[in-house]
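Visitor: What follows is a structure written as structure tokens; I'll ask about it next.
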Amino acid sequence: MIFDKRFSKISRKTAETSVDMSLCLDGGEVSVSTGVGFLDHMLELFARHGGFGLEIKASGDTRVDFHHTAEDVGITLGRAFAEAAGDKAGINRYGSCLLPMDEALVETAVDFGGRVYFSWRVTFPSEKVGDFDTELAEEFWRAFCNNSRCNLHVIMRSGSNSHHIAEGIFKSAARSLAQALKITGNGIMSTKGVLD
């Protein structure tokens with residue numbers, strides 16, 4: 001069985017940001033440049049832990065703050081995942097990961113079945129990691145969820161270091177998505193016969 005819809009290339013341009021992105025669900029080069037250092041770090045480890053090929057070149061109105069860039073990269077990444085998954089034939093559909101990151105323990109669960117629902121149960125102990133507002137992690141993942149059309153739950157079970165909590169979230173989400181998008185070859189994983 002050959003799956004030829006595991007790649008996407010998307011550009012999104014607004015008055016606030018410009019995002020060019022390519023994604024391969026089955027691996028490849030990783031290169032991320034968003035103009036936001038901490039977001040670059042999170043997306044690089046996201047790609048590595050998910051086994052995704054990911055190239056992102058983004059620029060935005062970072063002189064204002066990082067909100068538009070973080071949200072718009074999340075939007076574009078969500079759309080890239082939706083396009084790369086195609087009709088979702090043969091995918092596992094569900095994935096979850098309980099991930100320790102030093103003192104932090106984070107759990108994510110995803111249903112890549114086309115029904116959008118986002119649950120965020122995370123409290124960061126600090127407002128910033130470096131110059132990155134920790135509240136933007138939620139904005140990023142909400143944008144991703146809405147645009148990939150998935151069901152995503154993010155739960156922080158413990159943690160006292162904001163960097164570790166954020167890193168745990170991105171690594172856990174990557175592993176949950178990789179599991180959900182893994183090809184099982186068992187057809188459409190729904191009694192409806194479609195995943196949309």
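FYI, it's all coordinate maths here, none of it is from the lab. Nothing here was measured: the structure is a model prediction, and the numbers come from that model. Note that we place each Cβ from the backbone using ideal geometry, even for glycine, and neighbour counts take in every protein chain shown.
Visitor: Using the Cα centre of segment 7-180 as origin and beta-carbon charges of +1 (Lys, Arg) and -1 (Asp, Glu), tell me which of Leu54, Asn161, Cys24 is placed farthest towards the positive end of the dipole.
Guide: Cys24
Visitor: If I stretch the segment between Glu103 and Thr14 completely, what's the gain in nm (0.36 nm per residue apart, minus their alpha carbon distance), one decimal?
Guide: Answer, rounded to one decimal: 28.1 nm.
Visitor: Along each principal axis of its Cα atoms, how long is segment 7-180 end to end? Whole angstroms, biggest number first, please.
Guide: The Cα atoms of segment 7-180 stretch 41, 37, 28 Å along their principal axes.
Visitor: Roughly how many whole Å is it from the C-alpha centroid of segment 27-82 to that of segment 88-140?
Guide: So the separation of the two Cα centres works out to 15 Å.
Visitor: So which of Lys9/Lys57; Lys88/Lys182; Lys9/Lys171; Lys9/Lys88 end up more than 19 Å apart, counting from Cα to Cα?
Guide: Correct reply: Lys9/Lys171.
Visitor: Here is a follow-up. Amide H to amide H, which residues 5 or more places from Gly114 or on other chains are under 5 Å from it, using H placed in the peptide plane?
Guide: For Gly114, whose amide H was placed from the backbone, the distant partners under 5 Å are Asn151.
Visitor: Can you work out the Karplus-derived ³J(HN,Hα) for every residue in segment 38-55? Use 6.51 cos²θ - 1.76 cosθ + 1.60 with θ = phi - 60°, whole Hz, and x for glycine or proline.
Guide: Rounded to whole hertz, the list is 5, 5, 4, 4, 5, 6, 5, 6, 4, 5, 5, 6, x, x, 9, x, 9, 10.
Visitor: Further question: Under the definition of Cα pairs under 8 Å and six or more residues apart, what whole-number percent is the relative contact order of segment 7-180?
Guide: Relative contact order for segment 7-180 comes out at 27 percent.
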